[in-house]
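Step one of this worksheet: look at the structure below.
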Amino acid sequence: MKFSDQVIEWIESDRDRMQALELASTLGLNDWCLAAGFVRNLIWDKLHNKEVLTPLNDIDLIYFDSAVIDENADLDYEARLKAVSRFPWSVKNQARMHVRNNDQPYVSTADSMSYWVEVETAVGASFVKGKGVRLVAPFGLEANFNHTITLNSKRPKPNDFKERVLEKEWCDLWPNLKVVS
């Protein structure tokens with residue numbers, strides 16, 4: 001089975017993740033996905049044979065809309081989602097994130113993800129009713145299945161990388177992971 005098919009199967013069998021995807025899809029956002037730990041943690045949990053999945057401590061809904069870059073739009077989307085669910089939403093339009101990161105303007109959600117500090121974090125899922133779950137993974141999924149946490153050579157920030165690995169306690173939560181910097 002291909003990595004992408006396996007991940008989609010895992011997501012589709014997870015009631016909370018499917019509910020979050022369905023809710024996010026109701027916003028009608030352009031080029032969106034639920035990213036980072038939403039997919040990465042699920043993969044690592046499954047590879048570590050965890051009976052109880054790691055809780056969704058935040059759900060990163062990212063999208064790309066260069067026509068509306070005001071942060072208040074993100075806050076409005078968050079409020080709308082929080083009004084109808086118990087999930088801890090964080091909504092960010094990637095069309096403005098290049099400013100915060102001192103990058104050239106991004107051209108899409110996948111492009112923005114390709115600048116994230118860890119390769120394995122740059123993975124997301126979206127949902128279209130009638131079409132199902134679609135993955136966004138600018139680096140593919142192989143690193144996620146290799147039990148690694150890998151510094152992104154496109155965003156070589158080794159100090160940020162080390163800090164995130166320690167702060168998020170990934171190696172404690174998933175002890176088979178290997179850090180590749």
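The values are calculated or read from the model by the stated rules, or taken from the named source; none is laboratory data. Computed from a prediction, not measured in an experiment: that's the story for all the values here. All Cβ positions, even for glycine, are placed from backbone atoms using ideal geometry, and neighbour counts span all protein chains on display. Please note that ligands, DNA and RNA were not included when accessible areas were found on the heavy atoms of the full protein model with its side chains. Shrake-Rupley method; radii C 1.70, N 1.55, O 1.52, S 1.80 Å.
Values as computed for the structure displayed
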read-out: Identity of the residue in the range 57-67, surrounded by 13 or more Cβ atoms within 10 Å (Cβ to Cβ) and more than 17 Å from residue 125 (Cβ to Cβ), that ends up farthest from the chain's Cα centre (by Cα); value: 66
read-out: Residue list for the range 16-30, restricted to those being polar (S, T, N, Q) and either under 13 Å from residue 132 (Cα atoms) or surrounded by fewer than 14 Cβ atoms within 10 Å (Cβ to Cβ) (or both); value: 19, 25, 26
read-out: Hits in the range 70-93 (condition: under 20 Å from residue 136 (Cβ atoms) and either hydrophobic (A, V, I, L, M, F, W, C) or touching a residue at least 60 places away in the same chain (Cβ under 8 Å) (or both)); value: 81, 87, 89, 91
read-out: Hits in the range 140-157 - residues which are surrounded by fewer than 18 Cβ atoms within 10 Å (Cβ to Cβ) and closer than 21 Å to residue 47 by Cβ; value: 140, 142, 145, 146, 147, 148
read-out: Output for the range 34-56, where each listed residue is touching a Phe, Trp or Tyr at 6+ places or on another chain (Cβ under 8 Å) and either open to solvent by 50 Å² or more (accessible area, probe 1.4 Å) or in a strand (DSSP E or B) (or both); value: 46
read-out: Among the candidates 160, 172, residue that is touching a residue at least 40 places away in the same chain (Cβ under 8 Å), open to solvent by 50 Å² or more (accessible area, probe 1.4 Å) and over 26 Å from residue 1 (Cβ atoms); value: 160
read-out: The range 79-114: number of residues that are assigned to a loop (DSSP other than H, G, I, E, B), open to solvent by 50 Å² or more (accessible area, probe 1.4 Å) and either in contact with a helix residue (DSSP H, G or I) (Cβ under 8 Å, 6 or more places away or on another chain) or on the phi > 0 side of the Ramachandran plot (or both); value: 3
read-out: Sole exception among (1) within 19 Å of residue 7 (Cα to Cα); (2) touching a Ser or Thr at 6+ places or on another chain (Cβ under 6 Å); (3) open to solvent by less than 80 Å² (accessible area, probe 1.4 Å) for residue 134, by number; value: (3)
read-out: Pairs where the first residue, in the range 44-55, is farther than 18 Å from residue 179 by Cβ and the second is among the aromatic types (Phe, Trp, Tyr), C-beta under 8 Å, 6+ apart; value: 45/174; 46/10; 54/44
read-out: Number of positions in the range 93-146 that are hydrophobic (A, V, I, L, M, F, W, C) and either within 16 Å of residue 37 (Cα to Cα) or touching a Gly at 6+ places or on another chain (Cβ under 7 Å) (or both); value: 15
read-out: Residue within the range 8-15 that is open to solvent by less than 50 Å² (accessible area, probe 1.4 Å), part of a loop (DSSP other than H, G, I, E, B) and not hydrophobic (A, V, I, L, M, F, W, C) present; value: yes
